[in-house]
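Remarks on the structure that follows.
The values are calculated or read from the model by the stated rules, or taken from the named source; none is laboratory data. Only a predicted model underlies this, so the values are computations on that prediction, with no experimental measurement involved. Cβ placement follows ideal geometry from the backbone for every residue including glycine, while neighbour counts extend to all protein chains displayed. We work out accessible area using only protein heavy atoms, side chains counted, and drop any ligands, DNA or RNA first. Shrake-Rupley method; radii C 1.70, N 1.55, O 1.52, S 1.80 Å.
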Amino acid sequence: MASFRLPNVLNAVIHEHNNQLLRPKKPKNGVGAFIFPCRKLVFNYCERSGSSKSMMEYLREQALKFAQENPQIEVVVQPRPSKHPVIRAFYTNGHQKTKCVRKCTTDEIPEVVRSLRDHSGHKLRKWNRYVISDTPSVRGIYSPFHVKEIHEISDQKSK
């Protein structure tokens with residue numbers, strides 16, 4: 001019985017093609033499903049400290065409503081004796097951000113929580129490029145100012 005055998009070059013091509021199909025692609029947020037960047041908020045407060053009064057009031061009145069409105073975020077409340085009140089946010093990229101709310105009023109704490117929730121988790125930096133892309137363009141960004149000659153459209157027919 002004769003058996004059919006592919007040349008080594010074809011075997012290598014088929015093997016590479018199968019590996020590319022099996023290799024997971026790097027997930028991009030917003031393609032298919034949106035993954036919220038903030039995954040966990042931890043509220044730390046002291047039960048006896050005067051600096052934690054506004055934090056305790058926020059936790060009693062508004063924290064439950066915030067947790068119900070944002071089920072994608074894990075909300076943890078931990079007492080931390082003899083320390084100032086702190087809100088820590090943990091993000092999906094592994095970073096964390098901490099805000100001390102020692103001098104904040106009850107009206108300012110929801111703004112701090114909202115800013116931590118809406119933050120992407122990346123460090124703040126200056127953007128040197130206008131466009132950030134995984135596949136940068138060879139030609140660059142088009143601008144009408146790159147053209148040397150100005151083209152004018154006229155109604156007169158040229159002879």
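Could you compute the FRET efficiency for Lys83 and Glu61, with r as their C-beta to C-beta distance and R0 at 25 Å, rounded to 0.05?
Rounded to the nearest 0.05, the efficiency is 0.70.
With a 1.4 Å probe and all protein chains kept in place, how much accessible area does Thr98 have, in Å² rounded to the nearest 10?
80 Å²
Of Lys40/Lys83; Lys83/Lys126; Lys65/Lys123; Lys53/Lys126; Lys53/Lys123; Lys103/Lys126, which ones are farther than 27 Å apart at the Cα?
Too far apart for the 27 Å limit: Lys83/Lys126; Lys65/Lys123; Lys53/Lys126; Lys53/Lys123; Lys103/Lys126.
Could you please put Arg102, Arg60 in sequence from largest to smallest accessible area, using a 1.4 Å probe?
Arg60, Arg102
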